[in-house]
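Before any comments, here is the structure.
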């Protein structure tokens, strides 16, 4: 909801998660977990971020949400990059890229390619970058 300055109030992902669980909304639960993962990532709580993204991924797989799987894998890849695990980051970005190609998500493809470029730079793989 916008305030009188026109800015949006931040989403309360914990409340979203509780409401989704209470109503059995698995997609909403996965989305809230994904949101919590990004909040944790932004605050450098890498373990919490990883746990939220893993939980979101498990739900997205369960309900067969390919776009959600790609988003959660991207989150896991970002956690891996921030925790100096470029191999895991590469695996998650490649998986996200494959899904994005499959579902024709061009912006998602671009993001995954960008992530793979970050991995290549981090591992001094200038040809892949």
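Dividing the helix sum by the residues of the chain, where each DSSP H run of 4 or more adds -39500 (n - 2.57), gives a mean residue ellipticity at 222 nm of -25000 deg cm²/dmol. Site pair residue 47 and residue 124 shows an inter-label distance of 3.2 nm when each label is modelled 7 Å from Cα along Cα→Cβ. Here the alpha carbons of the range 64-129 define both size measures, Rg and Dmax, at 11.2, 36 Å. Over the chain, the pair-distance histogram of Cα-Cα distances with 5 Å bins from zero comes to 2, 12, 18, 20, 19, 14, 9, 4, 2, 1, 0 percent, rounded to whole numbers. Based on Cα contacts under 8 Å between residues 6+ apart, the range 35-129 shows a relative contact order of 20 percent.
Between residue 62 and residue 12, the C-beta separation translates, for a Förster distance of 22 Å, into a calculated FRET efficiency of about 0.35.
Coordinate-derived values only; no laboratory data. Everything numeric here is computed off the predicted structure, so don't read it as measured data. Virtual Cβ from ideal backbone geometry, glycine too; neighbours counted across all protein chains shown.
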